Amino acid sequence: MRQKILDYYEKLMYCKEENIFSELVSIANMLGFDYVSYVVQSPLPTVKPKTYMYENYPESWVNHYHKCSYLEIDPVIRLGRATSQPFIWTDDLFQENKLTQKLWTEAKKHGLNYGISHPLWDTGSIFGLLSLSRAKGAMSKLEVQKLQVFFDCIGSILHRRISSQCLRANDLDRIRLLTPKEQEVLRWSADGKTVPELAIIMNISERTVSFHVTNILEKLKVTSKIQAAVMMASINQL
C-alpha cells in the first residue's frame, strides 16, 4: 500500500498542471471511489471567500448544487474549515437544519452516498478540502486508516499545486479588468519608467498617467506598481 501511495505522490508531483485533477480522479478510482471534489477558498474576503471547485460529480448534481446555493450552507465545507482531521460523511453531519438535510438527501439521490473529506491549509491561510465519494459501499475502519496514510502523503503537494493554480486564475481575472491603456501603463512601469517618462511615451498628461496607476492598484488590489507588475509577469502577460 505504501509503495502505491508513493507512486500516487509522484504522479501528482510531476504531472503537467492541467492534468492534476484528472490524475487525482484516476487515483481516486483506483482507491475505490467514483467521485472527487477539491475545494479551494482564499482567506479574503472573510465573509464570502473566493471559492474554486474542481469535481467530477454528475452534471445534474453540480447544476442543482449551484442553483440552490448549497455552497453557502454545505456542512462538509463548514466542518472542513473547523478541523484538521479527515472525517466521514454521516447523517449526523447534515442534521443542522431542514436545508442541510435536504442537501444530503438530494446528494445521495445523485450517487454521493458515502464520502470522506480531508481539510488542508497552507501558510498563506488558503483552505483546501479534498473529498472522495461513491455510490455503494460504506468505509471500513481499515479503509479509513489507509486513506489517512494516503491523505498524509499527498495532501501537501496536492494543495500546493492546485491552490497555486487557483491563485494564478484569480490574478488573471483581475488583470482582465484592466483597460488596454492601463495594461500599457503597467508594462512600461515594469520596465522602470517613471510617471513623467510615461507621459511622454504615451503622449498623455502626468495627471492621466497617475489616474491610470490609481485604477490599476485598485483593480488588482495591490499597493504598489511593483506588486502589480509582478502579478502580471507571474501569469505571463507582460
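The values are calculated or read from the model by the stated rules, or taken from the named source; none is laboratory data. Please read these numbers as outputs of a predicted model, since none were measured by experiment. Glycine gets a Cβ as well: all are built from the backbone with ideal geometry, and neighbour counts include every protein chain shown.
Close contacts from the range 146-170, counting a first residue that is farther than 18 Å from Y14 by Cα and in the same structural domain as H118 (by TED's automatic domain parsing) and a second that is polar (S, T, N, Q) and modelled with pLDDT of 90 or more, with Cβ to Cβ under 9 Å and a gap of 6+ residues or different chains, come to Q148/Q85.
Checking each residue in the range 133-142 for being in contact (Cβ under 8 Å) with a residue 12 or more places away in the chain, not basic (K, R) and not in a loop (DSSP other than H, G, I, E, B) picks out only S133.
Run down I88, I116, I126 and say which single residue is of a type in the set (V, I, T), outside the structural domain of T214 (by TED's automatic domain parsing), closer than 22 Å to P43 by Cβ and surrounded by 12 or more Cβ atoms within 10 Å (Cβ to Cβ).
From the options I88, I116, I126, the qualifying one is I126.
Residues that are among the charged types (D, E, K, R) and at pLDDT below 95 were ranked within the range 94-140; the one that is nearest to the chain's Cα centre (by Cα) is D122.
Tell me, yes or no, whether the range 93-111 has at least one residue that is assigned by TED's automatic domain parsing to the domain that holds S156 and under 18 Å from H159 (Cβ atoms). Within the range 93-111 (the criterion being assigned by TED's automatic domain parsing to the domain that holds S156 and under 18 Å from H159 (Cβ atoms)), the answer is no, since none of the residues qualifies.
Of all residues in the range 132-149, one or more are among the acidic types (D, E) and over 30 Å from I226 (Cβ atoms). Of all residues in the range 72-96, those satisfying the criterion of being more than 25 Å from L147 (Cα to Cα) and either in contact (Cβ under 8 Å) with a residue 12 or more places away in the chain or not polar (S, T, N, Q) (or both) are E72, I73, E96.
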